[in-house]
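Accompanying notes for the structure given below.
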Amino acid sequence: MFGFKYYTPTKVIFGKDTEAKVAELVEEFGGKKVLIHYGGGSVIRSGLMQKVTDALDAAGISYVSLGGAVPNPRLSLVYEGIELCKKEGVDFILAVGGGSAIDSAKAMGYGVANEGDVWDFYSKKRQAKACLPIGVILTLSATGSEMSDSSVITKEEGMEKRGYNSDLCRPKFAIMNPDLTMTLPDYQTACGCTDIMMHTMERYFTSGGNMELTDAVAEGLLRTVKSRAVILTENPADYDARAEVMWAGSLSHNGLTGCGNNGGDWSCHKLEHEIGGLFDVAHGAGLAAIWGSWARYVYKDCLPRFKRFALNVMEVEDQGSDEEIALRGIEAMEDFYRQIKMPTNLRELGIDPTEEEMALMAKKCAAGVGGHCGSAKVLEEADMLAIYKASR
Ligand code: NZQ
Ligand code: ZN
């Protein structure tokens, strides 16, 4: 077992109607002038935005708002937000939406609190020294950004999608009302469940040694999300299923399911970020499309973990060789993806990359991770290319 750091400073307010607490939470964390940041308008159509502005008005907290965060949020909007915050004297950013609005808000927070170009942090040129305080009202259970130290931004020039991790951006509070996710299209709900499971699976498939308690938490989380994802395909209005998925989304990416695992694998995320950058696909669907090919490429190097996953998460029969059991687990996972209408290859994802595009993605991926990534199996550029090719 490895040593670890566990830091989750976010105050979570979970349950029905919790968005009513937004003004008192902003005040608690010192917000006097707020930027409300959101996406393409779902929060306006659902009536949530009206509730938020009413609450801030009633508390006498002034605010400006900026929408437009798209899936795979763009750097140009981050620059626009930074300028707006500086001009308006904003001291607190409230993200209302999914991972894209939250990540975009975090990037703006860095941009306001530090000198120079905010992209420097994402391109790993230097480290941020501060970030404006961020609050969240979550409308999509998926990325875990409401508690995570991570923010992922796409620079339009070259469609470069890069993440930056720092405790500075961890939200001060996260309001989580499962009812707010009821308006999601089924596809986004399924993408979210896929992403949530992947955040734990990335931490689970490691070759360095694991901690039994962490494994038990991880396997329980994976079984829970898997079963609730199926329930939600049949009954999207099931509040309890949405609540389980929402809380799993936060726990899956706040560090809990990685304690003692020495950091995790993260290859699927790195491979997907290139697909998302180049083809602008939904993150969760991109992960599902690549996972089977990755798993078949690496499982022999990490057999005990794949066997354990097959038995304890996918609940396949304990019969045959370790390799047979591991492969049955991979097949069962792909069956699950099909059941919730997620893709299991790039064509099902709706893209058909050329040889050149796959070579470019592998090259950018390798460059972005400093040459290699992975723990289940260490992958270099040639391995990345082989996985992209196998996932067509
Ligand atoms: O933009 P609006 O109009 O709000 O619509 C969104 C968007 O079209 C819609 N939506 C969200 N909540 C809704 C809703 N529609 C109806 N009702 C609701 N309640 O859903 C669509 C997707 O939203 P988005 O925020 O893009 O999705 P998600 O939360 O999956 O975020 C994806 C982004 O987060 C990054 C991904 O790479 C991607 O860029 N990630 C961030 C991470 C982090 N910060 O920790 C970790 C992840 O691994 C991931 O990389
Ligand atoms: Zn993810």
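The values are calculated or read from the model by the stated rules, or taken from the named source; none is laboratory data. Being a predicted model, the structure only gives us computed values, none of them experimental. Counting neighbours? That spans all protein chains shown, and the Cβs are built from the backbone with ideal geometry, glycine included. The accessibility values were calculated without ligands, DNA or RNA, using every heavy atom of the protein model including side chains. Shrake-Rupley method; radii C 1.70, N 1.55, O 1.52, S 1.80 Å.
Observations
- Scanning the range 138-155 finds one or more residues that are open to solvent by less than 30 Å² (accessible area, probe 1.4 Å), away from ligand 2 (no atom under 16 Å from the Cβ) and not in a strand (DSSP E or B).
- So Arg162, is it closer than 24 Å to Cys85 by Cα, within 14 Å of the chain's Cα centre (by Cα) and away from ligand 2 (no atom under 16 Å from the Cβ): no
- Complete set of residues in the range 315-372 that are in contact with a Pro (Cβ under 8 Å, 6 or more places away or on another chain), under 26 Å from Glu274 (Cβ atoms) and not aliphatic (A, V, I, L, M): Tyr337, Gly350
- Qualifying residue in the range 55-74 (condition: away from ligand 1 (no atom under 15 Å from the Cβ), touching an Asp or Glu at 6+ places or on another chain (Cβ under 7 Å) and either of a type outside the set (Val, Ile, Thr) or open to solvent by 20 Å² or more (accessible area, probe 1.4 Å) (or both)): yes
- Scanning the range 126-153 for residues that are of a type outside the set (A, V, I, L, M, F, W, C) and more than 10 Å from ligand 1 (Cβ to nearest atom), we see that the one that is nearest to Ala101 (Cα to Cα) is Gly135.
- Considering the range 191-230, and only residues there that are within 16 Å of ligand 2 (Cβ to nearest atom) and open to solvent by 10 Å² or more (accessible area, probe 1.4 Å), the residue that is farthest from Ala241 (Cα to Cα) turns out to be Arg203.
- Of the residues Ala248, Ala237, the single one that is away from ligand 1 (no atom under 12 Å from the Cβ) and crowded, with 23+ Cβ neighbours inside 10 Å is Ala248.
- Within the range 270-281, tally of residues that are crowded, with 24+ Cβ neighbours inside 10 Å and within 11 Å of ligand 2 (Cβ to nearest atom): 2
- From Lys341, Lys389, residue being in a helix (DSSP H, G or I) and modelled with pLDDT of 95 or more: Lys389
- Candidates Gly97, Gly89: the one that is open to solvent by less than 40 Å² (accessible area, probe 1.4 Å) and farther than 14 Å from Val152 by Cβ is Gly97.
- Within the range 43-54, tally of residues that are touching a strand residue (DSSP E or B) at 6+ places or on another chain (Cβ under 7 Å) and within 13 Å of ligand 1 (Cβ to nearest atom): 3
- Among the numbered conditions (1) away from ligand 2 (no atom under 16 Å from the Cβ); (2) surrounded by 18 or more Cβ atoms within 10 Å (Cβ to Cβ); (3) assigned to a helix (DSSP H, G or I), the only one that Asn261 does not meet is (3).
- Taken over the range 154-167, the criterion of being more than 9 Å from ligand 1 (Cβ to nearest atom), out of contact with any Gly (no Cβ under 8 Å at 6 or more places or on another chain) and on the phi < 0 side of the Ramachandran plot is satisfied by Lys155, Glu156, Glu157, Tyr164, Ser166, Asp167.
- Taking first residues from the range 145-171 that are within 17 Å of Phe29 (Cβ to Cβ) and partners that are of a type in the set (Lys, Arg) and within 16 Å of ligand 2 (Cβ to nearest atom), the Cβ contacts under 7 Å between residues at least 6 apart in sequence or on separate chains come to Cys169/Lys106.
- Selected residue [at pLDDT below 95 and either more than 23 Å from Asp17 (Cα to Cα) or part of a helix (DSSP H, G or I) (or both)] from Gly192, Gly209, Gly220: Gly209
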